[in-house]
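Any read-out appearing in this document is the output of simple, stated calculations on the displayed coordinates, not a laboratory observation. Small disclaimer: the values here were computed from a predicted structure and weren't measured. Neighbour counts are summed over all protein chains in view; Cβ atoms, including those assigned to glycine, are modelled from backbone coordinates with ideal geometry.
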Amino acid sequence: MYRYQKAFGENFDLGFDLAICPFLNDKSRHEDRCPSFIFGHLDRSGQ
């Protein structure tokens, strides 16, 4: 389960599949008004 699902509910519709965006780091918190993401770092292997 992703952090945004813990904060906004397991059935929250993000609008895209976060699993296909490994470069996004979920920084959502329960006191946020909406999910929050930042760009992360991928190594040369794409992970």
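Place a +1 charge on the Cβ of each Lys and Arg in the chain and a -1 charge on the Cβ of each Asp and Glu, then give the dipole magnitude about the Cα centre in debye, rounded to the nearest 20. Each step should come with its number before you reach the end.
On the way: 6 positive and 7 negative charges, 34 e Å.
So the dipole magnitude of the chain works out to roughly 160 debye.
State log₁₀ I(q)/I(0) for the chain at q = 0.14, 0.18, 0.29 Å⁻¹ as given by the Debye formula over alpha-carbon point scatterers of equal weight, solvent excluded.
Once normalised to I(0) and log-transformed, intensities are -0.35, -0.55, -1.14.
Evaluate the relative contact order of the chain (contact order divided by residue number), counting alpha-carbon pairs under 8 angstrom at least 6 apart; express in whole percent.
On the way: 51 pairs, mean separation 16.6, N = 47.
Over the chain, the number comes to 35 percent.
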